[in-house]
Amino acid sequence: MIVTKTAIPDVLVIEPKVFGDSRGFFFESHNEQRFREATGVDARFVQDNHSRSARGVLRGMHYQIAQPQGKLLRVVRGSIFDVAADLRRSSATFGRWVGVELTEENNRQMWVPAGFAHGFIVTSDTADVLYKTTDYYAPPHERCIMWNDADLGIAWPEGLTPVLSAKDAIGLKFKDAPVFP
């Protein structure tokens, strides 16, 4: 696997080694030992999630203020623009974000550590996103920052009209959101 640091070094892009021929392809989507050796991240994943969304659906920017989740994401159908925003006040990259295109063709994965808000927008007709989390979903601790908050200034792909859930449509402003130490 190839591991690439993003502009926020704790957020990683992981490209598995894909073995393909005329019959199709095979790759290991996760191997705990290889992941740890290649990334230096010793993560214990406790929950797997699968979402399917239509073109333009924007999910985010989500995080849990208690029981924060690290996430390892990949797309098995379609394509998304995946975003992580650093909410760790003590971090040199606090308030900055990175975005990566994840597609069924490129097989990339994105590692989003705990302490980040996460979101994505679907850039294909539909997208199936699979992600592992390092802690359980905890609705009382869930928070959402506005996807279009001016202080974060996320440059979402142009030409898409975001389709939001009621919850995501009323996210907090970054300056008013609880963050991590």
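Odds and ends about this structure:
- The residue that is surrounded by the most Cβ atoms within 10 Å (Cβ to Cβ), counting only those in the range 9-44 that are touching a Lys or Arg at 6+ places or on another chain (Cβ under 6 Å) and farther than 11 Å from residue 111 by Cβ, is 15.
- Selection from the range 102-113 of residues that are outside any strand (DSSP E or B), within 21 Å of residue 35 (Cβ to Cβ) and out of contact with any Phe, Trp or Tyr (no Cβ under 8 Å at 6 or more places or on another chain): 104, 106, 108, 113
- Applying the set (1) surrounded by fewer than 16 Cβ atoms within 10 Å (Cβ to Cβ); (2) over 18 Å from residue 176 (Cβ atoms); (3) among the β-branched types (Val, Ile, Thr) to residue 65 leaves exactly one unmet item: (2).
- One residue alone among 102, 87 is touching a residue at least 40 places away in the same chain (Cβ under 8 Å), crowded, with 17+ Cβ neighbours inside 10 Å and under 17 Å from the mean Cα position of the chain (by Cα), and that residue is 87.
- Selection status of residue 123, under 16 Å from residue 53 (Cα atoms), in contact with a Gly (Cβ under 7 Å, 6 or more places away or on another chain) and of a type in the set (Ser, Thr, Tyr): no
Bear in mind that the values in this text are calculations on the coordinates, not laboratory data. Just so we're clear, the structure is a prediction, and the values are computed from it rather than from any experiment. Reconstructed Cβ throughout: ideal geometry from the backbone, glycine too, with neighbour counts over all protein chains shown.
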